[in-house]
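These notes are about the structure you will find just below.
The values are calculated or read from the model by the stated rules, or taken from the named source; none is laboratory data. Keep in mind that this is a model prediction, so the values were computed, not measured. Cβ placement follows ideal geometry from the backbone for every residue including glycine, while neighbour counts extend to all protein chains displayed.
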Amino acid sequence: MTQDPHDHFKSRTPEDHIKHVRDKHRVCKGEPHTTFKGFFYHLANNALSTGVFIFFIRTLFFLIPTNRALQVKSLISLGVGWTFYHGCLKARKAWAYMELSHRSMLEEKNEIEENFEQEKIELRILFENQGFKDPLLQEMVEYVCSDSTLLLDTMIREELYIRKEDLPHPLIQGGSRILGGLCGLAIFLPLVLCISYTLAGVFSALMVLVLSFLKAKILENDKISEMVWVLGIFITSASIISSLMKLL
């Protein structure tokens, strides 16, 4: 029986398989993402961050009793402001990364034109660090250096770790951050606004578990470990707020 050559790639082409694996690692580190899984991971992550933020505000209102109408206004206003700020910051960060990348690529192009021999030495070191040895190493260096365009592309990838196809779009990055924040507000606000602070804490903790489970599932990480860690961090952080408010 002939084995399907794509079995190892789970019905993906080899190219898509490589892209999927790379994207998973970039997503986990918070780097630019280009897949639907990456989008939903950050959506869940941003919703979780925003939800935890407004629960912390609810904790302050529990410790410092205030009018309920004022609580609602404050939670909505601060939540929207928080979401807008971080969305714009995310877009600005993506723009800064693009600016840095384009400047670095231009500098690399100039270095190749003005200091070709030094760049050739750098390329040899890069390949050598990957485990290649002579005579194959020298053949690879000579082949890449025979084409200035190929040399530039190789140095951009290997020295600068820049992949032009993966550069983030500021509007997409910022927009996904804002959308995630708004989802967090829509999910957590009804829970946080419970009259009972205890119920608000229980419901919020359950939602923290759900979103943590979703994040771990997307990355194919251990779900129980992720849920326990994130819930523990959430409870500890809320306890720190309560303790400091009482002590200071």
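If you go through the range 57-72 and pick out every residue that is hydrophobic (A, V, I, L, M, F, W, C), surrounded by fewer than 11 Cβ atoms within 10 Å (Cβ to Cβ) and free of Cβ contacts under 8 Å to residues at least 24 places away in the same chain, you end up with 2. When V141, V202 are checked against the criterion of being in a helix (DSSP H, G or I) and surrounded by fewer than 16 Cβ atoms within 10 Å (Cβ to Cβ), a single residue qualifies: V202.
Does F213 satisfy the condition of being at pLDDT 95 or above, in contact with a Ser or Thr (Cβ under 8 Å, 6 or more places away or on another chain) and assigned to a helix (DSSP H, G or I)?
Numbers: at pLDDT 95 or above: yes; in contact with a Ser or Thr (Cβ under 8 Å, 6 or more places away or on another chain): no; assigned to a helix (DSSP H, G or I): yes.
No: the conditions fail for F213.
Which one is nearest to L185 (Cα to Cα), of the residues in the range 78-99 that are among the small types (G, A, S) and crowded, with 16+ Cβ neighbours inside 10 Å? Steps first, please.
The first filter runs over the range 78-99 and keeps only residues among the small types (G, A, S), leaving 79, 81, 87, 91, 94, 96.
Okay, now just the ones that are also crowded, with 16+ Cβ neighbours inside 10 Å, so 79, 87, 91, 94.
Numbers: G79: 7, G87: 14, A91: 20, A94: 24 Å.
Looking at residues that are among the small types (G, A, S) and crowded, with 16+ Cβ neighbours inside 10 Å, I get G79.
Filtering the range 139-175 to residues that are more than 18 Å from R92 (Cα to Cα), in contact (Cβ under 8 Å) with a residue 12 or more places away in the chain and among the hydrophobic types (A, V, I, L, M, F, W, C) leaves M140, V141, V144, C145, L151, L152, M155, I156, L160, I162.
Residues that are closer than 26 Å to L167 by Cβ and surrounded by fewer than 12 Cβ atoms within 10 Å (Cβ to Cβ) within the range 100-124 comprise R103, L106, E107, N110, E113, E114, listed in sequence order. Just one of (1) of a type in the set (V, I, T); (2) at pLDDT below 90; (3) touching a helix residue (DSSP H, G or I) at 6+ places or on another chain (Cβ under 9 Å); (4) over 21 Å from N221 (Cβ atoms) fails for T50. It is (2). Taking each residue of the range 181-199 that is without any contact (Cβ under 8 Å) to a residue 12 or more places away in the chain and looking for partners that are in a helix (DSSP H, G or I) with beta-carbon atoms closer than 6 Å, six or more apart or interchain, yields C194/A200.
Screening Y161 with (1) outside any helix (DSSP H, G or I); (2) in contact with a Lys or Arg (Cβ under 8 Å, 6 or more places away or on another chain) gives one miss only, at (2). Among the conditions (1) farther than 20 Å from T59 by Cβ; (2) in a helix (DSSP H, G or I), G131 misses just one, which is (2). Checking the structure you have, find out if any residue of the range 112-124 is more than 27 Å from D23 (Cβ to Cβ), in contact with a Gly (Cβ under 6 Å, 6 or more places away or on another chain) and either part of a helix (DSSP H, G or I) or not polar (S, T, N, Q) (or both). Checking the range 112-124: not a single residue is more than 27 Å from D23 (Cβ to Cβ), in contact with a Gly (Cβ under 6 Å, 6 or more places away or on another chain) and either part of a helix (DSSP H, G or I) or not polar (S, T, N, Q) (or both). Apart from one condition, E108 fits all of (1) free of Cβ contacts under 8 Å to residues at least 40 places away in the same chain; (2) part of a helix (DSSP H, G or I); (3) farther than 28 Å from D16 by Cβ; (4) not aromatic (F, W, Y); the exception is (1). Among the residues of the range 219-242, is there at least one that is surrounded by fewer than 15 Cβ atoms within 10 Å (Cβ to Cβ), of a type in the set (G, A, S) and part of a loop (DSSP other than H, G, I, E, B)? No, because not a single residue in the range 219-242 is surrounded by fewer than 15 Cβ atoms within 10 Å (Cβ to Cβ), of a type in the set (G, A, S) and part of a loop (DSSP other than H, G, I, E, B).
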